[in-house]
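Q: Following this message is one structure expressed as structure tokens.
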Amino acid sequence: MSGDKVTKALLFLSSLTILLLSAGIVLSLTGGAIPAFREYGFSFITSTVWNPTSGSEEYGALPFIAGTVITSLLALLLCIPMAFSTSLFIAEYFRGTRTAGILRSLVDMLAGIPSIVYGFWGFYALRPLLISTGLTDQGFGIFTASIVLAIMIVPYATSLSSEIIAMVPSELKEAAYSLGATRREVIFSVIIPSARSGIVASFILALGRALGETMAVTMLIGNANIIPKGLFSPGNTMASVIANQFGEADGLKLSALIAIGLLLFAITALVNAAGKFIIRRFA
Amino acid sequence: MKNLILLLAIAITVASCGGGGTKPAKEKQVTLSAAGATFPQPFYNLAFKKYSEEGGPAINYGSIGSGAGIKSLRDQVVDFGATDGYLSDAELAEMPGEVIHIPTCIGAVVIGYNLPGVTGLRLTPALLEEIFLADITKWNDKRIADENPGLALPDMNITVVYRSDGSGTTYIFSDYMSKVSPKWNGQLGTGKALNWPAGIGGKGNPGVAGTISQSQGTIGYLGFEYAYAQKIPMALIQNSAGNYVEPTLDSFSAAASVEMPADTRIMITNSPTPEAYPITSFTWAILYKEQSYRGRSAESAAATVNTLLWLTGPGAQAIATSVHYAKLPQNASEQAAVLLKSITYNGEPILK
């Protein structure tokens, strides 16, 4: 009896810790961001100027918000066909086979590769490839960062999607086959509709991951504090500007960086909430 | 264990008080922590390692950036800090105690570039302004060609590479540019991070060096030792005497042969010396004049001062040149020793 109580107390305490931690993060971010929002108000979010020179200091977060949203969405767009077809391959077409097992471990391995290694790959392998197409001078920019981001988030989307696809009851599929449906028809008329919310959730999870990715993006995006002018233009993201400038920041600049952190936190929370909503609405 | 350390500290304090100013013999047991500029990190790492091998204290140097180094000293969590830009009067006033600047070596910022088949590029301050402010966007622009009659400059876009992180290197470069270009001073000013009109950012000196060495058509500013290590061609810069000067340890030292103010707070960029490379700067260690704070032991205070005295002396300065920093000129070393002698513990001078 008392063992039960102890377990209950322990579990309660650990979940309380999580709650307190999240509250603490929000509180300290908000506290740190207050000077920046007091100075610039709402225009902190809409201003495109980031000028750290003392005397003419002015901080606006829009270039970084734009960079983050554009690279993450582009990465998601590039990730969907890769992750979707891979998860179908693993969980439906070649389900239970050795090939699927190998592929699944490879995908899981991708998730374990450190961010900086992706950065190096992008820097030394992908960039020269893009330069050779003649579309870009130096290969730094939104597009390069998005490609690498897409590859980085594939494992997250794939592993969850394939679990969900594998969970579709075989009775449903067998019923469809018995009615004479082809494999393609089963996939598009049975599997996808019944796994829809889970698949969407897996891509939202992947998007959340792309939003916060820092190191690989920093190495490839060009770190120009401007709103990107095109696919091959350099830009910067919220996570990347924080990582870059935090070390030497103080005063208003530090507050502006913390405010960007708070905005990133809010955007991630919004994306997650949207995911939850989609799952509940269409499940 | 804690009691033991405390006891030891008390014993040594008592002993050193009674002994009346003999050098503390047990520096080996002290561990010092220091933090700050990344610019001199290669020098500090090597020098501190050597010093502790020779029986000095172990020193943990965190290269976390000049700004963070100043912050750490202000919060009194380090024995000394390190910075590439000296503290302004306003920053000094914010510190909880009087702070002393000790110059430790001379570093230079060079202009590295990557152009197929081109070496020995010559740049004037005006060209630097026009290139970094994106007024000149092609390598074969007439204005560059006029200063470089012998070079076959390609028809290629110029890509400026700058530091994406806040940095002392950027501070030194922009300090120089603000001195030589009113337009620069008005548009970008001087700072550790700037609002660059064009180009791409690399993180840290290694990031800038990697970007330049891997991409043709690039030009950027970086610490000399990084360009040297990666064999990146460096431009000759026209100094205030009108001479085109190659970045070398000698031309850096020449820049430092100036009148030294008593507190050593001087930027030596755009030096008037005819042989001087113009984008050169001291880098400093910073510490409190009164070393007894936050319960620091007399032992760590003495170790801190002795370490810095050694660092500015001939032994450590020879190490500096081996990792491509220029050594302090005689007057700077002497000034450093004078300043270190003024440092006290509970009002008593540490060095006699």
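Here, each number is a calculation from the coordinates, and none is a lab measurement. No experiment lies behind these values; they were computed from the predicted model shown. As a convention, Cβ positions derive from the backbone with ideal geometry for all residues, glycine included, and neighbour counts pool all protein chains shown.
Q: Is it true that some residue in the range B:84-100 is more than 14 Å from every other protein chain (Cβ to nearest Cβ), among the charged types (D, E, K, R) and more than 21 Å from B:Tyr325 (Cβ to Cβ)?
A: Yes: one or more hits.
Q: Now a separate question. If I filter the range B:100-119 for residues that are buried (at least 22 other Cβ atoms within 10 Å of the Cβ) and assigned to a loop (DSSP other than H, G, I, E, B), do I get at least one hit?
A: Within the range B:100-119, none of the residues are buried (at least 22 other Cβ atoms within 10 Å of the Cβ) and assigned to a loop (DSSP other than H, G, I, E, B).
Q: So which residues in the range B:260-318 are of a type in the set (Asp, Glu) and under 21 Å from B:Val30 (Cα atoms)?
A: Of everything in the range B:260-318, those that are of a type in the set (Asp, Glu) and under 21 Å from B:Val30 (Cα atoms) turn out to be B:Glu290, B:Glu299.
Q: Still on this structure, I have one more. State whether the residues of the range A:221-233 include one that is part of a helix (DSSP H, G or I) and either more than 19 Å from A:Leu77 (Cα to Cα) or hydrophobic (A, V, I, L, M, F, W, C) (or both). Step through it out loud before you land on a result.
A: The initial filter retains those residues of the range A:221-233 that are part of a helix (DSSP H, G or I), namely none.
Among the residues of the range A:221-233, not one is part of a helix (DSSP H, G or I) and either more than 19 Å from A:Leu77 (Cα to Cα) or hydrophobic (A, V, I, L, M, F, W, C) (or both), which makes the answer no.
Q: Look through A:Ile192, A:Ile199 and report the one residue that is of a type in the set (Val, Ile, Thr), on the phi < 0 side of the Ramachandran plot and surrounded by fewer than 17 Cβ atoms within 10 Å (Cβ to Cβ).
A: Details: A:Ile199 fails: surrounded by fewer than 17 Cβ atoms within 10 Å (Cβ to Cβ).
Unique residue meeting the criteria: A:Ile192.
Q: If we keep just the residues of the range A:246-259 that are within 16 Å of B:Gly207 (Cβ to Cβ) and surrounded by fewer than 21 Cβ atoms within 10 Å (Cβ to Cβ), which is farthest from the other protein chains (Cβ to nearest Cβ)?
A: If we filter the range A:246-259 for residues that are within 16 Å of B:Gly207 (Cβ to Cβ), which is where we start, we get A:246-248.
Subset that is surrounded by fewer than 21 Cβ atoms within 10 Å (Cβ to Cβ): A:246-247.
Numbers: A:Phe246: 8, A:Gly247: 4 Å.
Once the filter is applied, the top-ranked residue is A:Phe246.
Q: Hey, another quick one. Go through the range B:220-237 and count every residue that is among the small types (Gly, Ala, Ser) and under 16 Å from the mean Cα position of the chain (by Cα).
A: Narrowing the range B:220-237 to residues among the small types (Gly, Ala, Ser): B:220, B:223, B:227, B:229, B:235.
Next, only the ones that are under 16 Å from the mean Cα position of the chain (by Cα) stay: B:223, B:227.
Here the count works out to 2.
Q: Being over 22 Å from the mean Cα position of the chain (by Cα) and of a type outside the set (Phe, Trp, Tyr) is the filter; apply it to the range B:186-210 and report the residue that is farthest from A:Ile226 (Cα to Cα). Walk me through how you get there before you give the answer.
A: Pass one, the range B:186-210, residues over 22 Å from the mean Cα position of the chain (by Cα): B:186-187, B:195-200.
Next cut, of a type outside the set (Phe, Trp, Tyr) only: B:186-187, B:195, B:197-200.
Working: B:Gly186: 20, B:Gln187: 16, B:Asn195: 10, B:Pro197: 9, B:Ala198: 9, B:Gly199: 11, B:Ile200: 11 Å.
Step by step, filter the range B:186-210, then rank; the result is B:Gly186.
Q: A further question follows. Against the condition away from chain A (no Cβ under 14 Å) and assigned to a helix (DSSP H, G or I), how does B:Leu73 come out, does it pass?
A: Numbers: away from chain A (no Cβ under 14 Å): no; assigned to a helix (DSSP H, G or I): yes.
It is false that B:Leu73 is away from chain A (no Cβ under 14 Å) and assigned to a helix (DSSP H, G or I).
Q: Looking only at the range B:138-171, which residues are of a type in the set (Val, Ile, Thr) and within 25 Å of A:Val241 (Cβ to Cβ)?
A: B:Ile158, B:Thr159, B:Val160, B:Val161, B:Thr169, B:Thr170
Q: Within 12 Å of chain B (Cβ to nearest Cβ), touching a Lys or Arg at 6+ places or on another chain (Cβ under 9 Å), in a helix (DSSP H, G or I) and among the small types (Gly, Ala, Ser): does that describe A:Ala243?
A: yes
Q: I've got another one for you. Suppose the filter is part of a loop (DSSP other than H, G, I, E, B) and touching a helix residue (DSSP H, G or I) at 6+ places or on another chain (Cβ under 8 Å); does B:Pro197 pass it?
A: yes
Q: Please indicate, with yes or no, whether at least one residue in the range B:231-239 is polar (S, T, N, Q) and away from chain A (no Cβ under 13 Å).
A: Yes.
Q: Would you tally the residues in the range B:151-168 being away from chain A (no Cβ under 11 Å) and in contact with an Asp or Glu (Cβ under 9 Å, 6 or more places away or on another chain)? Give the steps one after another, and end with the answer.
A: Step one: filter the range B:151-168 for residues away from chain A (no Cβ under 11 Å), giving B:151-155.
Those still in the list that are in contact with an Asp or Glu (Cβ under 9 Å, 6 or more places away or on another chain) too: B:153.
Selection size over the range B:151-168: 1.
Q: Tell me yes or no: at least one residue of the range A:77-97 is in a helix (DSSP H, G or I) and basic (Lys, Arg).
A: No, the conditions are met nowhere in the range A:77-97.
Q: So which residues in the range A:89-146 are within 14 Å of chain B (Cβ to nearest Cβ), of a type in the set (A, V, I, L, M), exposed (fewer than 13 other Cβ atoms within 10 Å of the Cβ) and within 25 Å of A:Gly212 (Cβ to Cβ)?
A: Residue satisfying the conditions is A:Ala125 alone.
Q: Can I ask one more? If I filter the range A:194-207 for residues that are part of a loop (DSSP other than H, G, I, E, B), touching a helix residue (DSSP H, G or I) at 6+ places or on another chain (Cβ under 7 Å) and in contact (Cβ under 8 Å) with a residue 40 or more places away in the chain, do I get at least one hit?
A: No; the residues of the range A:194-207 include none that is part of a loop (DSSP other than H, G, I, E, B), touching a helix residue (DSSP H, G or I) at 6+ places or on another chain (Cβ under 7 Å) and in contact (Cβ under 8 Å) with a residue 40 or more places away in the chain.
Q: Can you tell me which residues in the range A:166-210 are under 30 Å from A:Phe120 (Cβ atoms) and touching a Leu at 6+ places or on another chain (Cβ under 7 Å)?
A: Passing the criteria: A:Ser202, A:Phe203, A:Leu205, A:Ala206, A:Leu207, A:Ala210.
Q: Sticking with this one: Quick check: anything in the range A:148-167 more than 14 Å from every other protein chain (Cβ to nearest Cβ), more than 20 Å from A:Gly222 (Cα to Cα) and not in a helix (DSSP H, G or I)?
A: yes
Q: Can you tell which of A:Pro52, A:Pro63 is closer than 19 Å to A:Gly230 by Cβ, touching a residue at least 12 places away in the same chain (Cβ under 8 Å) and within 14 Å of another protein chain (Cβ to nearest Cβ)?
A: A:Pro63
Q: Output yes when any residue across the range B:289-300 is out of contact with any helix residue (DSSP H, G or I) (no Cβ under 7 Å at 6 or more places or on another chain) and aromatic (Phe, Trp, Tyr), and no when none is.
A: Looking through the range B:289-300, at least one residue is out of contact with any helix residue (DSSP H, G or I) (no Cβ under 7 Å at 6 or more places or on another chain) and aromatic (Phe, Trp, Tyr).
Q: List pairs: first residue in the range B:192-213 and facing another protein chain (nearest Cβ under 7 Å), second residue acidic (Asp, Glu) anywhere in the structure, Cβ distance under 6 angstrom, at least six positions apart or on different chains.
A: Pairs found: B:Lys192/A:Glu248; B:Lys203/B:Asp165.
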